[in-house]
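A short worksheet on the structure shown next.
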Amino acid sequence: MQRYLRYDTQMVNGQPQQRGFFDHLASAFSNPLNAINEVLSLVGIPLVRGITQTNARAQQNSIAIADLQVKVAEIEQGSREIAEAIRQDVMLQVLDFDQIRREFQISQEIARRATTQHRLLEIDYRFSTRIDTIAYLDNLSALDRQKASTYREWARLRGQMARIKITVLGAVE
């Protein structure tokens, strides 16, 4: 529309000639093929460029979107890798927990037997002369060492459980 409403000056036979709206309109009717070319060049080409996104801004937007898609894919991949690493870490910690639990149970059973044995030894110490004070105190010290070992195993068990909780749930307050 702007093309037809513009007021132009053209040189015709060496003389300047001004052309207005009616001159442009008359030339469109006198030369319809030229008018179609003008319409296509003024309207059609920008329209096709907009549809096919061949203009520079559309290309920049397309590149920016593709870049963001690549970054999102990288973040998702990193997230999957972190999740897999956490899963493996938890699995290893659970295996360690199971081993520590068995060691605690063994230590606990040995401590029970040592306690029972010490009670029998204490009865012998009090009511017979077969056990002297040094043997009794040695046995009491061995029992204390066994109890201490059991408490250490219990502490390891609780520590491993806390590690698993922190890994699975995050920081535990």
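Values quoted throughout were computed directly from the atomic coordinates according to the rules given, and no laboratory measurement underlies them. Please read these numbers as outputs of a predicted model, since none were measured by experiment. Don't worry about glycine lacking a Cβ; one is built from the backbone with ideal geometry, like all the others, and counts go over all protein chains shown.
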Potential lengthening between Arg80 and Phe127 on full extension [0.36 nm per residue; Cα-Cα distance subtracted]: 9.9 nm
Förster radius 41 Å - calculated FRET efficiency between Ile166 and Ala56 (Cβ-Cβ, nearest 0.05): 0.20
FRET efficiency for Asp98 and Arg119, using Cβ-Cβ distance with R0 set to 35 Å, rounded to 0.05: 0.65
Inter-label distance for Ile110 and Leu33, nm, one decimal - labels placed 7 Å from Cα along Cα-to-Cβ: 10.7 nm
Projected label distance in nm at Ala64 and Asp89, using a 7 Å step from Cα toward the beta-carbon: 3.7 nm
Estimated distance in nm for a label pair at Arg152 and Ile134, the labels positioned 7 Å out from Cα along Cα-to-Cβ: 2.7 nm
